[in-house]
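The values are calculated or read from the model by the stated rules, or taken from the named source; none is laboratory data. Predicted model only: the values in this text are computed from it and were never measured. With ideal geometry, Cβ positions are generated from the backbone for all residues, glycine too; neighbour counts draw on all protein chains shown. All accessible areas refer to the heavy atoms of the entire protein, side chains included, with ligands and DNA or RNA removed. Shrake-Rupley method; radii C 1.70, N 1.55, O 1.52, S 1.80 Å.
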Amino acid sequence: MNITRVYKNKQHAEVEFTVGPIPIGDGVGKEIATKISTTIKSNETFYIDSNDRDFIERVCCSTPI
């Protein structure tokens with residue numbers, strides 16, 4: 001499931017994903033990746049928030065995601 005929230009007078013959007021079930025019976029770790037494409041002019045800078053931790057700035061193609 002995907003929920004996207006865009007608020008008036010805010011400079012950010014919220015994107016929420018619910019993923020599952022993820023098979024774990026094989027004992028091999030899993031990683032879920034999401035690619036988002038947009039026409040927003042961001043100078044290739046974006047921010048991530050993992051599990052309600054502080055926002056972390058990322059610059060596309062200069063730091064590993």
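Exposed loop positions in the chain were taken to be GluC sites (Glu not before Pro) whose DSSP state is not H, G, I, E or B and which have at most 11 other beta-carbon atoms within 10 angstrom. Between these positions, the longest stretch is 1-30. As a ratio to 2.2 N^0.38 Å, the alpha-carbon radius of gyration for the chain is 1.36. The listed residues I48, I32, I24, once ranked by accessible area (1.4 Å probe) with the largest placed first, stand as I24, I32, I48. Quick one: longest stretch of the chain between exposed loop chymotrypsin sites (Phe, Trp or Tyr not before Pro), exposed meaning at most 12 other C-beta atoms within 10 Å and loop per DSSP? After excluding every exposed loop site, the longest remaining stretch is 8-54.
Counting only other residues whose beta carbon sits under 13 Å from that of A13, what net charge do I get with K and R as +1, D and E as -1? With Lys, Arg at +1 and Asp, Glu at -1, the net is 0. Pop out the carbon and sulfur fraction of the accessible area of the chain as a percent, whole number, probe 1.4 Å. Percent of accessible area from carbon and sulfur atoms in the chain: 53.
Give the relative contact order (percent, whole number) for the chain; include only Cα pairs under 8 Å separated by 6+ residues. Can you show the working numbers first?
Working: 45 pairs, mean separation 11.0, N = 65.
About 17 percent, as a whole number.
Amide H to amide H distances under 5 Å link R58 with F46, Y47, I48, where only residues 5 or more positions off or on other chains count and H is placed in the peptide plane.
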